[in-house]
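S.K.: First the structure, which I've put down as structure tokens, then a few questions once you've had a look.
Coordinate-derived values only; no laboratory data. This is a predicted model, so every value here is computed, not measured. In this analysis, Cβ positions are derived from the backbone assuming ideal geometry, glycine residues included, and neighbour counts consider all displayed protein chains.
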């Protein structure tokens, strides 16, 4: 059992969890920040639906991985009687309903309203808004999604404030039976002064995870992701002009953001011969833009709408005639454009998370 210890000057004492006022609070937290969930295999999830009608019930959240595997997420508080056994029946029922569905039915009939409400035209848009380093493979994603829907090998995610022993044993039993991928996650909340702390943990009965099958033609070699800008800078140093100068200009711009505590930087080196620098906004592992080593940026409209809505119009005016979109390339990076983008990062950093 994890304990949070605090010394207020009178000695070390354990903090008691403050919990969540209701399931909606935990539900909203998971929807807003699915990256907090410590899932097996450490996938990046893009939430693509909330309260999704599946048969006679409603799945709390649906998400998708960059491999194309769908995740069905159910959220409960331990005090809810359904947290012991009913939650398993619910998530399995939703999985059985989704099995055999087509991508068109999933994307348009089941998830279309949610995607549209967030300015996303497709599942591809949702994933690229989260996987911003250029590694997203739409062909492999489609193949993985089709296979996942066909055979029903979804990721089942159960999120609670604490896990009843009965539920832990049941999850372990189901995992031992076959190829089900089940993540049982607890999220504890603590208050320290004005700060709120979250402690997510994966309750991990021993198992071997089954991977989503991918065809040999669509499988894509993984690149290397590292914290900081050093790997990107080393890649740029090996480039030739004029792309080298353009990339260095953007690198220095990003370093200024980091120095001002407006972003934290992550480098991605692709096996395909390019690199990206990811200026993630404060408090998240997504950015308003991605810097590509060829000397341009890709902008992510859904992140602007969520983290820098007041500056969005300023940026749209600066990059015109380019239309803001998901991963839209902006190559004319004048001083005016870079200043507008910096203002957007300032707005994002000023938000209370």
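S.K.: 222 nm [θ] for the chain, helices only, -39500 (n - 2.57) per DSSP H run of 4+, per residue, to 500?
M.R.: Helix contribution divided over all residues of the chain: -10500 deg cm²/dmol.
S.K.: With axes computed from alpha carbons, what is the tilt in degrees of helix 138-151 against the longest principal axis of the chain, rounded to the nearest 10 within 0 to 90?
M.R.: Roughly 10 degrees, rounded to the nearest 10.
S.K.: Right, next: To test your reading of the geometry: what angle, between 0 and 90 degrees and rounded to tens, separates the Cα axis of helix 335-350 from the longest principal axis of the chain?
M.R.: The angle comes out at about 30 degrees.
S.K.: Ratio of alpha-carbon Rg to the 2.2 N^0.38 Å globular estimate for region 224-350, to two decimals, please.
M.R.: On the way: Rg = 13.5 Å, N = 127, 2.2 N^0.38 = 13.9 Å.
The value comes to 0.97.
S.K.: Let me know the volume per residue of the alpha-carbon convex hull for region 34-119, in Å³. Please report the intermediate quantities before stating the final value.
M.R.: Working: hull volume 10.1 nm³, N = 86.
Taking the convex hull of the Cα positions in region 34-119, it is 118 Å³ per residue.
S.K.: Calculate how many DSSP beta bridges within region 15-203 are antiparallel, expressed in % of all such bridges and rounded to the nearest 5. Can you show the working numbers first?
M.R.: Working: 21 of 33 bridges.
In region 15-203, DSSP labels about 65 percent of beta bridges as antiparallel.
S.K.: Something else: Using 7 Å Cα-to-Cβ label points, what is the residue 25/residue 331 separation (nm, one decimal)?
M.R.: Using points 7 Å along Cα→Cβ, the separation is 5.1 nm.
S.K.: I've got another one for you. Of the listed values (1) 19.9; (2) 18.2; (3) 21.7, grab the one calculated as mean projected area of the Cα convex hull in nm² from the structure here.
M.R.: (1)
S.K.: Where is the GNM fluctuation largest for the chain (alpha-carbon springs, 10 angstrom cutoff): 117, 40, 293?
M.R.: 117
S.K.: Which of 243, 301 has the fewest other C-beta atoms within 10 Å, and how do the rest follow up to the most?
M.R.: Taking fewest neighbouring Cβ atoms as first place, the list is 243, 301.
S.K.: Another one. Which angle from 0 to 90°, rounded to the nearest 10, does the C-alpha axis of helix 23-32 make with the longest principal axis of the chain?
M.R.: Tilt relative to the chain: about 30 degrees.
S.K.: While we're on this one: Where does each of 169, 27 land when they are ranked from fewest to most other beta-carbon atoms within 10 angstrom? Let's see the in-between values first.
M.R.: Working: 169 11, 27 21.
In increasing order of surrounding Cβ atoms, one gets 169, 27.
S.K.: So, one more: Calculate the all-directions average of the projected area of region 1-151's alpha-carbon convex hull, and give it in nm². The partial results should precede the final answer.
M.R.: Details: hull surface 47.0 nm².
Projected area, direction-averaged: 11.7 nm².
S.K.: Also, quick follow-up: Which of these, 253, 300, 12, has the largest mean-square fluctuation under a Gaussian network model of the chain (Cα springs below 10 Å)?
M.R.: Fluctuation is largest for 12.
S.K.: Another question about this same structure. Relative to the present Cα-Cα distance, how much length would full extension add between residue 204 and residue 146 at 0.36 nm per residue of separation?
M.R.: 18.1 nm
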